[in-house]
Structures are given as C-alpha cells and as structure tokens.
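The structure appears below as structure tokens.
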Amino acid sequence: MGHRQVLESLSGLLLALFVAMVSSTVVSTALPRIIGSLNGTQTQYTWVVTATLLTATATTPIWGKLADLFNKKTLVQVAIVIFVIGSLISGFSQDTGQLIAARAFQGVGVGGLQALVQVVIAAIIPPRERGRYNGYLGAVMAVATVGGPLLGGLIVDVSWLGWRWCFWVAVPIAAIAFVVLQATLKLETRRRENVKIDYLGAALIAAGVSVLLIWVSFVGNSFDWASWQTGAMVAGGLVLLGAAVAVERRVAEPVVPLHIVVQRTPALAIVASLAVGMAMFGGAVFLGQYFQIGRGYSPTEAGLLTIPLMAGVLVSSTISGRLISRTGKIKPYIVAGTITLVLGFLGLGFVDHATALWIVGIAMAVVGIGVGMTMQNLVLAVQNSVPLSELGAASASVTFFRSLGGTIGVSVLGAVLANRVTADLSEALHVPAGQSTGSTSALNLSALPPQVQTIVHTVYGDATAHIFLISAAVGLIGVVAALLLKPITLRTTIDLEKKEADSAVAR
C-alpha cells in the first residue's frame, strides 16, 4: 500500500480508536456530577470506571485471537456496534447500577477497538515503517485525552445538554468510523479450514481475570486484605487461571499462545507494559481529581491543565517514531521512555495543594514524554518478533497486560488515596457532630461550608502526591524489563521470512 492508501485506511481506524479512548476521558471530569445526580456512592464512583476497564481487559485477548481467525475489518466493525449500543444504554441509565452494567457492556467494545486497531495497522504496515505513523496514534491519544475531559466539562456545565450527552456524544463519531472503514479499508480475507475457537480457554481467562480484578477493587475498602473474602477470591482467581493455562497448552488454537508469551522479547514487553499500565493509568486518572478537588478548579479548567501531559505524549511519540523508522532500532527509546516516566512521576510525587502550576505542568510533560516513547513501541517490539498468522494474539497479549496493569493501578491507588484522605479529613475536622467526613460528601464541594472546603482542598492536594510516588516505584519494574530486552532491528516486511515464521511457530 502506498502512503496515501495507508492514510485513507488509517482514517477510519484512528476514528475508532478515538471514540474508544474518549469514552473514558470524557467521563473523568464529569463523573462527580454524574454520580451526584444519580445519588451514587464512592464505591459506585470507582466502579463506573472500573467496570469498563475490567471487561475491556478480560476480552482483549479474545478479540486478538479472533483477529487471527476471521476478517479483521469485520471484527472492528462488530466492536464499534457493541460500543455504540453500550454508549446509548449508558446515557439512558436511571441509576448507578444500570450505568455500571451498561459501562461493562461498553467495555467489551472498547477492548475490541483497542486490540484490533493495532492488529489491523500491523497487518498493512511493516514494522520498520510503522514508527512514522506513531505520530498519528500519538495525536489521537492527545486529542482524546485532552479533548475528552474538556468536552465532558463543557457538557455538564451546559444546562441544555446534561451529563447523558457524555455517553451519547461518541455515537455519531463511531458511526462515521464504521462508514469510513467500510469505504477505505481493504484487507484480504485469509480463509482457514477447520478453524476452532477455544471457548473454554477464553471463558476461563475472562473469569479468572475478572475475579482478581473485582478483588483488587474491593480489598481494603469493603473487606480487609487478611480476610476470608480475600482468600476465597484470590484462590478462586488463581485456580481459574491455572485451569486456563492447562487448556491453552492442549488446544490447537489457544486464545493466548503460550509459546509466544514465554519468549524473551514478548515476555519482557509484557512485564514492562504491566508496569507502565499500572503507573500511567493509575497515576494519570487522579490528575483530574487533583486539579478539581485538591486545587478547586472547574471540570473544564482541569481538562485544560492536563494539556502538558498530552503534549508530551504527542511530541515524543512523533519524534521517537520517526527516529525508529529511520534507524530500525527500538530498544534505546523504550529504555529512555521508561526512565523518563519514572522521573516524571517522581516530580509529581512532591506536589501538594499549593505547588506552582508551572512545576506541576513540567512534571506532567515529562510523564507524557515517557508514555509516548513506551506504549506503542512495546507493542511494536512484540509485533516484530511474531509471524503474521499470530499477530492478533501477540498484540492483544501486550494490550491485555497493559490494561490489566491499568485496572489494578486505578483500583489499588484509588483505595490508597481513599484511605489516606479519610484518615486526614477525620484528623483535620476532628469529626465534629453532624459533620460527615466520608468521601462522598467531601467530593460534593458546593455543599460544604467554606472553611471545610479549604480543608478538603488541602487534604486532597497533599494526599495525591503519595499516589504518584507509588506510580514511580511501580515504573521501576518497567525500567528493569526494558533494560533486559534484546537489541531489536525492525524488519521491513509485513510477515516474517518463511524460515523465521516456521521457527517462531515451532517455538
């Protein structure tokens, strides 16, 4: 495909990726208003985000495997349809239970879009040339992550729209993506005989991951770390995943090919993705809350204040992508990116409720630079080492562990923040009679007396720094994994040479 043909095909794919990303970011700044209007609790607040992450994570490897068996274009369009239905139902929700269930269904489509877009791009662009297109991916990430919170803030601030449009706004964009893909994306359908889908393995993986993620979401809040609930859920999740491994070793078409994930490059890329996902998603999710609750800015202003983060992503992904395409070397950029990510979170780890905004902005930009140099390049390193016939499963495996890390990060760091804030508020307010210090009332700043608002700003602004320090510590695991990667020279062909492909499949 020529450059123009690639760009035409990319247009629909990038639109699909955009709606998948904006579905989460548009809610981030609007969520306090949404939960307040539905009379939800702090636990439900977390689950509106976690439900989508959980189903997206659990279904990612399944989508990846389907991409190796069926037409990739059709699967992307199916994922778009699921996403649209979930978005519509979310907007019509009448209580938080309905909203959480709709968001979980929407997450199935999000998981498909996140996995399949990268698979299709890898199927039409050789690894060596793919770096030059990372700038487009970075631009989509930047617009979705910055534009989403801004859009969400504007929607909830405009009286004649209302929060329901936070979910409906992505529907027309998704419909356009569907039509553009139909018109521009031309993929050869490689029909395979005797195709067998590993339904049992897929079900065991989804169930095992879901049980562990549900445990992570509730532990430390609804029950203690050392409790019978912890023992039952952890043991149950590990048993399910152990059974999944046993099934994957025997079936002809495993959802997660074990011979791929145990190779050095994919294995280290997965470890790095897990750490980067935990640090990035877990830390970045709380930036919006830091600016709104810790600093007192409006949802729209909070969205504007996160621009340095996405500017860093856009610039670093564009420049590093072009340098990778020019040299064919990828390890130096992954190593530099993981180190930069850790340094950025270390900088954010020293902010408080009174830190100058330009200091916070610089630290966010450094985090963004690290993200831009690692996220897509870790996937690219794995895609370079596998044959085209297993591209979907390999790509989805990296995305799966990155999403898994993000889900764990959001849940664990959210629990740490909630516990710290609750303790600090109780101490600062001395728990006066009739005054609740719970997280729900603290988030509803407009209903609090001015002096209490000041205390809440201080407590949230100071407590958030601990989240970023933990993110930096987790990011160190990614640095070690990146350093252990073998030096990689990207190939210039879509598929491995036949001898290499046969050897990779045999392994």
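The values are calculated or read from the model by the stated rules, or taken from the named source; none is laboratory data. Source: prediction; values computed, not measured. As a convention, Cβ positions derive from the backbone with ideal geometry for all residues, glycine included, and neighbour counts pool all protein chains shown. Areas reflect the complete protein model, heavy atoms only, side chains present, ligands, DNA and RNA absent. Shrake-Rupley method; radii C 1.70, N 1.55, O 1.52, S 1.80 Å.
For Ala481, the conditions (1) at pLDDT 85 or above; (2) surrounded by fewer than 20 Cβ atoms within 10 Å (Cβ to Cβ) all hold with the exception of (2). If I filter the range 181-194 down to residues being part of a helix (DSSP H, G or I) and either surrounded by fewer than 19 Cβ atoms within 10 Å (Cβ to Cβ) or touching a strand residue (DSSP E or B) at 6+ places or on another chain (Cβ under 6 Å) (or both), which single residue comes out as modelled with the lowest pLDDT? So the residue we want is Thr184.
Look at (1) in a helix (DSSP H, G or I); (2) within 26 Å of Pro172 (Cβ to Cβ); (3) touching a Leu at 6+ places or on another chain (Cβ under 9 Å); (4) polar (S, T, N, Q) and you find that Thr57 fails only one, number (2). A residue that is over 20 Å from the mean Cα position of the chain (by Cα) and modelled with pLDDT of 80 or more cannot be found anywhere in the range 271-284.
Among the candidates Tyr290, Tyr297, the residue that is of a type in the set (Phe, Trp, Tyr) and free of Cβ contacts under 8 Å to residues at least 60 places away in the same chain is uniquely Tyr297. For beta carbons closer than 6 Å, sequence separation of 6+ or different chains, a first residue in the range 304-331 that is more than 17 Å from Thr489 (Cβ to Cβ) and touching a residue at least 60 places away in the same chain (Cβ under 8 Å) and a second that is in a helix (DSSP H, G or I) and open to solvent by 60 Å² or more (accessible area, probe 1.4 Å), the qualifying pairs are Gly312/Ile369; Ser316/Ile369. The residue of the range 348-363 that is nearest to the chain's Cα centre (by Cα), among those that are open to solvent by 30 Å² or more (accessible area, probe 1.4 Å) and over 15 Å from Gly288 (Cα atoms), is Ile362. Taking first residues from the range 38-55 that are within 21 Å of Gly162 (Cα to Cα) and partners that are charged (D, E, K, R) and modelled with pLDDT of 75 or more, the Cβ contacts under 7 Å between residues at least 6 apart in sequence or on separate chains come to Leu38/Asp95; Val48/Arg103. Only one entry in Arg103, Arg128 is at pLDDT below 85, over 15 Å from Leu14 (Cβ atoms) and either open to solvent by 10 Å² or more (accessible area, probe 1.4 Å) or of a type outside the set (Ser, Thr, Tyr) (or both), namely Arg128. Only one of the numbered conditions (1) assigned to a helix (DSSP H, G or I); (2) out of contact with any Pro (no Cβ under 6 Å at 6 or more places or on another chain) is not met by Thr25, and that is (2).
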